[in-house]
Every structure is written in C-alpha cells, then in structure tokens.
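What follows is a set of notes on a single structure, which appears directly below.
Values in this text are rule-based calculations from the coordinates and carry no lab data. It should be emphasised that the depicted structure is a prediction, and the values quoted were computed from it without experimental measurement. Methodologically, a virtual Cβ is constructed for each residue, glycine included, from the backbone with ideal geometry; neighbour enumeration extends over all protein chains shown.
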Amino acid sequence: MLTNLEFDRQHIWHPYTSMVDPLPCYPVQSANGVELQLTDGSKLIDGMSSWWAAIHGYNHPRLNQAVSEQLAKMSHVMFGGITHQPAIELCRRLVAITADELECVFLADSGSVAVEVAMKMALQYWQAKGQTRRKFLTLNHGYHGDTFGAMSVCDPHNSMHRLYRGFLPDNLFASGVDIPFGAKWNENDSSLNHFSSLLQQHHTDIAAVILEPIVQGAGGMRFYHVNYLKQIRRLCDEYQILLISDEIATGFGRTGELFACQHAQIVADIQCMGKALTGGYMTLSAVITKRNIAETISQGDAGCFMHGPTFMANPLACAVACASLDLLAENRWQQQVKNIAVVLEQELRPLAESPYVQDVRVLGAIGVVEMTKPVNMASLQKFFVRQGVWIRPFGKLIYLMPPFVIESEQLCRLTHAIAEAVSRPDVVFG
Ligand code: PMP
C-alpha cells in the first residue's frame with residue numbers, strides 16, 4: 001500500500017505541477033492563527049495567506065462559529081427561485097462597503113468564474129444595446145484566472161496563450177504602466193499612448209477594459225502608478241467603454257485601501273471580488289455592477305443575465321464572508337496593514353543592496369523581493385520550511401502577503417528567512 005505522500009505524488013494533481021516529476025508537497029495537518037502545522041509536528045509561520053485569502057489567519061473562532069451556526073440551519077440550497085438571509089446580508093454589506101455607484105451583486109463560485117461573469121456581463125450589455133462587441137482590452141503582465149475567458153486576458157507572453165492558441169479568444173493587450181506606484185509621475189510618459197491608440201482604433205469592437213487595479217499579482221507582482229488608473233478611467237469614459245476592475249487579489253485591504261481603485265479615486269463599472277471575501281475559509285466570489293449595467297442587460301433579448309452556478313450564493317460561504325467582514329472592521333485592518341507595511345519596508349528594503357536582488361517593493365501588506373534570475377523553487381522552499389516559515393516563491397519573485405493578524409516578531413521570522421536566503425545563492429538559485 002502506498003503511503004499518503006506516495007499516493008498524493010502518483011494520483012493527485014497539484015496546481016501547475018507535473019504528474020511525472022512533481023515538486024515536493026508538504027503535508028499540513030492543521031492550521032491555527034498564522035501557523036501551519038505539518039504532520040511531523042513542525043510549525044511554519046504563514047507568509048502567503050493561502051494566496052491572498054486567509055487575512056484573519058486560520059481556525060479563527062469567530063469564523064468557525066459563523067460556519068457551524070449556518071451549518072446547523074442549512075449548508076446549501078439552490079439560489080434559483082430561492083433566497084436566504086446569509087446571501088442578503090452579505091450583498092447588503094458588499095453594496096455598503098463598495099463605491100456608491102456599485103449596486104447590483106452576482107455571487108459566483110471562484111475568482112476565475114467572477115471574471116467570466118464580468119466578461120459575459122460586458123458582452124451582454126452591448127448585445128442589449130444592439131451592438132456586437134468581440135474584444136476586451138487589457139494590460140500586459142495581467143493575471144485574471146485559469147478559465148478560458150480569464151486566460152484570454154492574462155499576459156499574452158506566458159505559456160497559457162501559446163498552449164491554447166486557436167481556441168482562446170483573441171484580445172487586445174496594451175504595453176506600458178511602467179511607472180511604479182509612488183514614483184514620480186512623468187506628464188509626458190508615453191506608456192499610455194499604446195493603450196489609447198488601441199482604444200481609438202478598436203473602440204467600436206471593445207466590450208470592456210479589464211485590469212487588476214494598482215497591483216498586478218500573479219503576472220509579476222508589479223505595483224503601478226495611480227495616474228495610469230486615473231487615465232484609463234478617463235479614456236474609458238471618453239470612448240464609453242466599460243471598465244472591469246479585478247479586485248480578487250487586491251480587495252479587502254491588502255494594498256492599504258479597502259479596494260485598490262480607491263488609491264486612484266476611481267470607480268469601475270464592474271468590480272470582481274474573491275479570495276479574502278470569506279477570510280479564506282471557502283470559495284466564493286462576487287461581481288458588483290452599476291445599476292445601469294444590470295438594467296441594460298435585463299432589457300436585452302435574453303431578458304436576463306445568462307449565468308447560474310449550482311452553488312451560487314452558498315449559505316456557508318456567505319455566512320463566513322459576513323463574519324470575515326465584521327472582523328475586518330473590528331480588527332481595524334488599516335492599522336494592521338500599516339504595521340505590516342512598516343516592518344516589510346524596514347526589513348526587506350536593505351536586501352536591495354544584494355547583487356542577487358533586482359528590486360524590492362512594498363505596498364500595504366505585500367512585500368516583494370525580485371531576484372536577478374528565476375529561483376529554484378524546490379531548494380528554496382525546502383530551505384524556508386527548515387527555517388520554520390511558509391513562503392512560496394515563483395519565477396524571480398520571493399514575496400510575502402501574510403495574514404493581517406500577524407505579530408511583528410512573526411513577520412520578522414519571515415523577513416529574516418528571506419534575508420538569509422538572499423545571502424545564499426546556492427539555495428536560491430539551486
Ligand atoms: N484574478 C486575480 C487578480 C487573481 O489573483 C486570481 C487568483 N490568483 C484570479 C482572478 C482567479 O481566482 P481563482 O483562483 O479563485 O479562480
């Protein structure tokens with residue numbers, strides 16, 4: 001009989017991992033606060049928040065309570081022809097905490113599905129107005145998920161486009177947004193020229209612009225200048241193109257604002273949220289739109305928006321999302337994120353001196369150390385686990401986005417492990 005790890009290796013797909021020569025997997029037995037406990041009893045401080053999601057840490061009594069109270073009432077019921085308190089309560093809150101103009105909420109299953117929903121909404125919006133629009137305009141280095149619509153607006157130079165060429169819709173990609181967040185703005189910056197010329201050329205065929213506001217996550221952890229976002233909003237208004245903001249990674253405080261669009265004081269027409277929505281407890285996403293979009297879609301030929309997943313508005317997920325939003329407010333997330341930013345800045349900034357480091361950047365509760373070349377994930381991860389921390393690098397990037405509840409000493413364990421690694425090219429590059 002195979003051991004658990006042997007079975008896992010031979011029979012179970014992991015994200016972006018070979019079934020022939022998989023990278024090692026670490027067996028987690030439980031997770032509590034900001035620590036993951038492995039089956040051998042060792043504890044790792046979590047620097048990843050399970051990919052942006054677990055902002056309040058793990059096994060939180062309040063989140064547990066919300067799930068178990070809801071479980072005792074009903075775990076799931078279809079949303080077609082039925083509604084329920086957890087969904088109503090959650091949507092009330094989402095309407096309240098997002099910009100005033102965002103009013104109508106669609107609850108979906110995951111981030112990628114939220115992006116599909118947003119794109120379908122944009123297409124149906126134009127159909128309802130009697131126009132066929134076939135393209136989306138987006139930015140290079142973006143990432144929006146792994147389903148087909150979402151992949152079609154991910155950075156065109158990564159392998160996903162090459163792999164599915166011929167099947168993926170052909171969209172438009174603007175280069176640029178090269179001035180970093182917080183850097184001096186250059187009035188004569190030409191980066192937006194490409195964006196605006198694509199818009200000018202194709203605006204009658206573009207359904208929407210879709211982007212990650214301020215922070216481009218999985219496409220390279222790049223933080224771009226607020227003026228790009230302001231200008232893009234202005235251009236979308238000028239050409240009357242919808243703007244879809246993918247706040248799936250940035251939403252719920254991670255960048256220092258509740259939603260990253262607020263850095264630029266702009267409001268998208270359609271906003272996607274996911275990940276931290278449930279405090280990382282379970283999968284749920286939400287798409288919120290301006291009322292005129294919902295109304296236009298509803299007045300089209302179809303008479304409705306054509307999407308309705310089986311687990312739409314799952315009551316357990318909605319209940320835990322409400323509890324997570326309560327915690328966010330009570331815990332004073334702004335202060336938590338500020339404290340994390342101060343430590344990340346203090347501890348990571350000096351690493352920029354290393355000849356192996358290309359750049360260090362910090363925004364809110366996100367800290368990134370970009371190395372000069374791709375890291376050896378297996379050797380670096382093993383090193384981090386030995387140091388008692390959970391940090392999962394990718395490409396040239398070693399980065400932290402810890403739970404908001406992390407204490408400074410715990411955060412320093414993470415940053416010190418990175419500092420240690422950076423001084424060991426044999427470990428980092430393998
Ligand atoms: N958009 C962004 C900006 C993301 O970071 C992600 C996930 N990394 C997604 C969409 C897709 O979300 P999910 O993995 O929940 O499908």
Per residue, what volume in Å³ does the convex hull of the Cα atoms of the stretch 128-182 enclose?
-> 122
Straight distance only, please: which lysines reach the Cα of Lys373 with their own Cα at less than 17 Å, same-chain residues fewer than 8 apart left out?
-> Lys396
Using +1 on the beta carbon of Lys and Arg, -1 on that of Asp and Glu, and nothing else charged, what's the dipole of the chain about the Cα centre, debye to 20?
-> 200
Peptides 49-61, 266-278, 65-77, 414-426: what's the order by average Cβ count within 10 Å, highest mean first?
-> 266-278, 49-61, 414-426, 65-77
Of the convex hull drawn through the C-alpha atoms of the chain, the volume per residue in Å³ is 157
Simple SL model, points at 7 angstrom along Cα→Cβ for Tyr26 and Glu101; separation in nm is 4.4
Length gained, Thr17-Asp170, 0.36 nm per residue minus C-alpha separation, equals 52.4 nm
For Thr204 and Val77, calculate 0.36 nm times their separation in residues minus their Cα-Cα distance, and state this gained length in nm to one decimal.
-> 41.6 nm
By how many nm would the segment from Gln85 to Asp189 lengthen if fully extended, with 0.36 nm per residue of separation less the alpha-carbon distance?
-> 32.5 nm
Sorted largest first, the C-alpha extents of the stretch 43-168 along its principal axes in whole angstrom are 47, 45, 28
Considering the zone a paramagnetic label at Gln240 would reach in this model (a point 7 Å from Cα along the Cα-to-Cβ line), which residues of the stretch 103-147 have amide N under 20 Å from it?
-> 121-137
According to a simple spin-label model (label point 7 Å from Cα along Cα-to-Cβ), what is the distance in nm between Arg332 and Leu163?
-> 4.5
